[in-house]
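Undergrad: Below you will find the structure I want to go over with you.
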Amino acid sequence: MTRAFNWRIIFRTIGALTLIESLFMGLATGVSYWYGESDSQAFLASTLITLFSAFWGFLFGRKASNHVGEREGYVVVALVWVIFSVFGMLPYYLSGQIPNITNAWFETMSGFTTTGATILPNVDIMSHGVLFWRSLTQWLGGLGIIVLCVALLPMFGLGGMQLYAAEVTGVNYEKTSPRIADTAKRLWGVYILFTLSEALLLNLFGMNYFDSFCHAFSTVATGGFSTHTNSIMDFSPAIQYIIAIYMVLSGINFAMIIYLFTGKSQRLIQDEETRWYLSAILICTLLLMIGLFVHYSFVDFQATLSCWQDGLCQMERAFRKSFFMVASAMTSTGFAASDYMSWPKLFWVFVFFIMFTGASSGSTSGGIKWIRILIFTKSGLAEIQRRIHPNAIIPIKYNGRPLNHETISNVMAFMIFYIAILILTVLIFCGCGVNFDEAIGTAVSAIGNVGVSIGQFGPSGSYVDFPVVAKWWMTFVMLIGRLEIFTILLLFTKALWKK
C-alpha cells in the first residue's frame, strides 16, 4: 500500500535548512557591521525574517515522523534551492543595492547554483556585505546545501539518505563511510580545508583578507563571483596560478580526495573519470597555448615584441592564460584572467565547446560531467564493434567493472534531455530578442552553470540588459543544471504526487 505524502517532514526539514541559511546570513550581517556600511540594517532585517520563517517551518512540522522517503527527498531538494533564493535575495533588495526583484532573484539564483552570471555592471562599487554574501551563496551552493545539512540533520532528528541521493550529482555517488552523515561530514571537511588553504595562499601572495576569502569561496565552489568587475584579470600571475590550480582540484570528485587523505590513493589514481578529466585539462591547455603562442608570435610580431619581453615570457603567458581559461571553462567556474572575446574567433569557440564538458561527478562543477562523456563514448565505440561482430557480447566497463543497463540508459536519457532543454532555451532567448550566437552561448552557460558566455555576455559583460522574461527562464535553467535535470523533471510527473 502506498503511503500518503508526508508534508510535515518537508516543512520540518526546510525549516532546519532555512535556520542554517539564517546563520550564514548573520555572518554576512557581521561583515557589513564590521565595515560600518549603511546596508547593515537591511542585512539584519533579512536575517531575522529568514530566522522567523525557519521557526514557522519547525512549528508546522513539529509532529512529523523522522522518515524522509524518496518522494519527499526530491521535493525538499527542489524546493530548498528556491526557498534559499527567496530569502537570499532579501539583502540585495532591502539594501537597495539591487532594487529590482528580477535582478535580485537572478543574482541570488546565480549564486546558489554556482553559475556566476551577474547583472552587476560594476561590481567594484558594491558594499563589502553584499560582495561577501554573493561569494557565500556560491560557497553554500557549491558542495550542496543538502550535503551540508545532511551532516547536521541528526541534530534535528532527521534522516538524510534520501536527501543526499536526490541532490548529489553524477551517475552514482560514493559513500566513504557506512553512515551517510559521516560521508557528508568528510566531504565538508575537504571543502573547508580547500577553502582555508586557498584563502591563506591568496593572502600570502598579495590579496587582502577580504578578497582572499571571497575568491576562495567562489573558487572552491566553482562559482566565479569576484569582488572586482575585471574578475582575476588585474591580479598577479602567482594569484592566477593559485586560483587555476584550486579550480582544477575542485573539479575532482571529492570522494576521491577523501580516499587520498585516508591512505587509499590508488582509488584516485585508478579512477577513470579523474584520469579523463585531468588528461582533458592538459590536452586542451596545450592546444590553446600553442594556438595563442603561434598567433601572437607570428601574426602580430611587432605587438608581441612590445608587449612580451622574450619568447620564454611569451610562452609562460600563453600557458598561464590557456591553463586558467581551460580550468575555468571546464570546471564551470567562470573566472576570467583575460577577455577571450578579444582572441581570434577560433580560440573563443574552442573555449565555448569546453564549457559543455564539466569536470567530475561528485565535484562542485556543473556541465555534463566526464563520467557521462566517458560512458557515452564507450557506448558509441561498443556499438560500432557490434556492427562488425553482431554476435559478440561487448560489455561497457567503468573502472574495470561492467556497467548495468540502467546506468547506461540513465546517461543516454540525460544527454537527450540536456540537448532538448538546450534547444528550447535557445528558442526562448531568440524569441525574447537575443542574438542567435549569444542565445546559444547563454543557454550553454546557464544549463552548465558556467556564468560567462559570448558576445556582450562574455567575461567583460553582464546580464543587466538581458530581457526580463529571458532572465526568469535562465534562472530556471540554472536550477535544472545544478540539480542535473531529473530532480526538477520529477516534480512535473503525476507519479510523484499520487497517493
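Undergrad: Subtract the Cα-Cα distance of residue 49 and residue 496 from 0.36 nm times their separation in residues, and report this length gain in nm to one decimal.
TA: 157.8 nm
Undergrad: Defining a contact as two alpha carbons under 8 Å apart and six or more residues distant in sequence, what relative contact order in percent does the chain show?
TA: Dividing the mean separation by the residue count of the chain yields 17 percent.
Undergrad: Provide the gained length on full extension for the span residue 60 to residue 278, in nm with one decimal, where the gain is 0.36 nm per separating residue minus the Cα-Cα distance.
TA: Values: separation 218, 0.36 × 218 = 78.48 nm, distance 4.77 nm.
The span from residue 60 to residue 278 would gain 73.7 nm if fully extended.
Undergrad: Using amide H atoms built 1.01 Å from N in the peptide plane, name the residues 5+ places from residue 397, or on other chains, whose amide H lies under 5 Å from its own.
TA: Sorted by chain and number, the residues that satisfy this are 403.
Undergrad: What is the list of residues in segment 178-219 whose amide nitrogen lies under 14 Å from a point 7 angstrom out from the Cα of residue 264, following Cα to Cβ?
TA: Counting backbone N atoms under 14 Å from the label point, the list is 178-180, 182-184, 186-187.
Undergrad: From Cα pairs below 8 angstrom and at least 6 apart in sequence, can you work out the relative contact order of segment 7-116, rounded to a whole percent?
TA: The value is 33 percent.
Undergrad: Hey, what do the phi angles of segment 111-116 turn into as Karplus ³J(HN,Hα) couplings, whole Hz, using 6.51/-1.76/1.60 and θ = phi - 60°, x for Gly and Pro?
TA: Ordered by residue, 3J(HN,Hα) equals x, 5, 7, 6, 6, x Hz.
Undergrad: What ranking do 122-128, 404-410, 445-451 get when scored by the average of other Cβ atoms within 10 Å per residue, highest first? The partial results should precede the final answer.
TA: Values: 122-128: 15.1, 404-410: 12.3, 445-451: 29.6.
Averaged packing, sorted descending, gives the order 445-451, 122-128, 404-410.
Undergrad: Further question on the same structure: Sum -39500 (n - 2.57) across every DSSP H segment of at least 4 residues in the chain, then divide by the residue count to get the 222 nm mean residue ellipticity, nearest 500.
TA: Values: 23 runs with 324 residues, N = 499.
Taking each H run of at least 4 residues, the total per residue is -21000 deg cm²/dmol.
Undergrad: Give me a comma-separated list of calculated 3J(HN,Hα) values for segment 120-125, in order, Karplus coefficients 6.51, -1.76, 1.60 applied at θ = phi - 60°, integers in Hz, x for any Gly or Pro.
TA: Whole-Hz 3J(HN,Hα) from phi for segment 120-125: 8, x, 9, 5, 4, 8.
Undergrad: For segment 395-453, what is the relative contact order in percent, using Cα pairs closer than 8 Å and at least 6 residues apart in sequence? Could the numbers behind the result be given before it?
TA: Working: 26 pairs, mean separation 11.4, N = 59.
After rounding, I find 19 percent.
Undergrad: Continuing with this model, one more query. For a protection proxy built on the mean count of beta-carbon atoms within 10 angstrom, sort 243-256, 217-230 highest first, please.
TA: In decreasing order of mean packing, 243-256, 217-230 become 217-230, 243-256.
Undergrad: A further question follows. If you only keep lysine pairs separated by 8 or more in sequence, or across chains, how many in segment 344-499 come under 26 Å at the Cα atoms?
TA: Step by step, the pairs that qualify in segment 344-499 add up to 5.
Undergrad: Suppose R0 equals 25 Å; then what is the FRET efficiency for residue 456 and residue 417 from their Cβ-Cβ distance, rounded to the nearest 0.05?
TA: Efficiency, from the Cβ-Cβ distance: 0.30.
Undergrad: At 0.36 nm per residue, and after removing the present C-alpha to C-alpha distance, how many nm does the segment from residue 388 to residue 290 gain when stretched out fully?
TA: 31.5 nm is the gain from fully extending residue 388 to residue 290.
Undergrad: For residue 207, list long-range residues whose amide hydrogen, built 1.01 Å from N in the peptide plane, is under 5 Å from its own amide hydrogen.
TA: For residue 207, whose amide H was placed from the backbone, there are no distant partners under 5 Å.
Undergrad: Tell me, what HN-Hα J-couplings in whole Hz come from the Karplus equation 6.51 cos²θ - 1.76 cosθ + 1.60 at θ = phi - 60° for each residue of segment 412-417, using x for Gly and Pro?
TA: With coefficients 6.51, -1.76 and 1.60, one gets 5, 5, 4, 4, 5, 5 Hz.
Undergrad: Hey, another quick one. Can you sort 143, 120, 200 so the residue with the fewest Cβ neighbours within 10 Å comes first?
TA: 200, 120, 143
Computed from the coordinates by the stated procedures, all read-outs in this text should not be read as laboratory data. If you're wondering where the values come from, they're calculated on a predicted model, not measured in any experiment. Don't worry about glycine lacking a Cβ; one is built from the backbone with ideal geometry, like all the others, and counts go over all protein chains shown.
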